[in-house]
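Worksheet for the structure shown next.
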Amino acid sequence: MTRVWILPVLLVLSGAAAATGPARSGDPVLAAVLLVLFVLLAGATSPLVFPRPIAAAEARRRSAADGRPVVYWRPGCTYCLRLRLRLGRDASRLYWVDIWRDPAGAAEVRAANGGDETVPTVFVADRPHTNPDPSWVRAQLPPAA
């Protein structure tokens, strides 16, 4: 569980280190800008950007019941972040499985990708699609009720 926070924490620490130089040199504006930039990057790579993850078995069960796609992702993945941001509000209509928290989800991704943990892997009707276009994923969503 702590592994998902390594990159965001490193970014915040790096931002603090990068801001120290300009702050000591008497340029607090540059120091503040650097710190804010690194904090924003840390936030973007953290699990907080994504909807609450669920277990792979539960995601499969729910998907079978309502036809919504299941997205397997991991924190720090730029392609996962791209998918999440491009989906916007529609992201909450998918089931998100964090493969770093769920070993069964990681195993499903490896089985779908020839042994690699390539994410995002989106399962639609039990068929895997690796790193699909966000507009295609949006088109796979059932109509909103």
* Which condition number does residue 97 fail, the rest of (1) surrounded by 14 or more Cβ atoms within 10 Å (Cβ to Cβ); (2) outside the structural domain of residue 130 (by TED's automatic domain parsing) being met? -> (2)
* To do: Within the range 26-68, work out how many residues are over 26 Å from residue 79 (Cβ atoms) and among the polar types (S, T, N, Q).
  => 0
* Structure fact -> residue 73 meets each of (1) modelled with pLDDT of 90 or more; (2) over 9 Å from the mean Cα position of the chain (by Cα) with one exception, condition (2)
* Asked: Which condition breaks for residue 15 when tested against (1) in contact with a Phe, Trp or Tyr (Cβ under 6 Å, 6 or more places away or on another chain); (2) closer than 23 Å to residue 89 by Cα?
  -> (2)
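Conditions tested, residue by residue: (1) farther than 22 Å from residue 2 by Cα; (2) among the small types (Gly, Ala, Ser); (3) in contact with a Phe, Trp or Tyr (Cβ under 7 Å, 6 or more places away or on another chain); (4) at pLDDT 95 or above.
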site	(1), (2), (3), (4)
78	no, no, no, no
82	yes, no, no, no
86	yes, no, no, no
89	yes, no, no, no
101	no, no, no, no
105	no, yes, yes, yes
122	yes, no, no, yes
141	yes, no, no, no
* Structure fact -> From the option list 20, 78, 2, single residue qualifying as under 24 Å from residue 113 (Cβ atoms), surrounded by fewer than 16 Cβ atoms within 10 Å (Cβ to Cβ) and among the polar types (S, T, N, Q) is 78
* **Matching residues, the range 95-124, being touching a residue at least 40 places away in the same chain (Cβ under 8 Å) and touching a Ser or Thr at 6+ places or on another chain (Cβ under 9 Å)** => 95, 108, 119, 120, 121, 122, 123, 124
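Among the candidates 48, 30, which residue alone is over 23 Å from the mean Cα position of the chain (by Cα), over 20 Å from residue 130 (Cβ atoms) and without any contact (Cβ under 8 Å) to a residue 40 or more places away in the chain? I'd like the intermediate steps shown before the answer.
Details: 48 fails: over 23 Å from the mean Cα position of the chain (by Cα).
Testing whether each residue is over 23 Å from the mean Cα position of the chain (by Cα), over 20 Å from residue 130 (Cβ atoms) and without any contact (Cβ under 8 Å) to a residue 40 or more places away in the chain leaves just 30.
The values are calculated or read from the model by the stated rules, or taken from the named source; none is laboratory data. Keep in mind that this is a model prediction, so the values were computed, not measured. Every residue, glycine among them, receives a Cβ derived from its backbone with ideal geometry; neighbour counts consider all protein chains shown.
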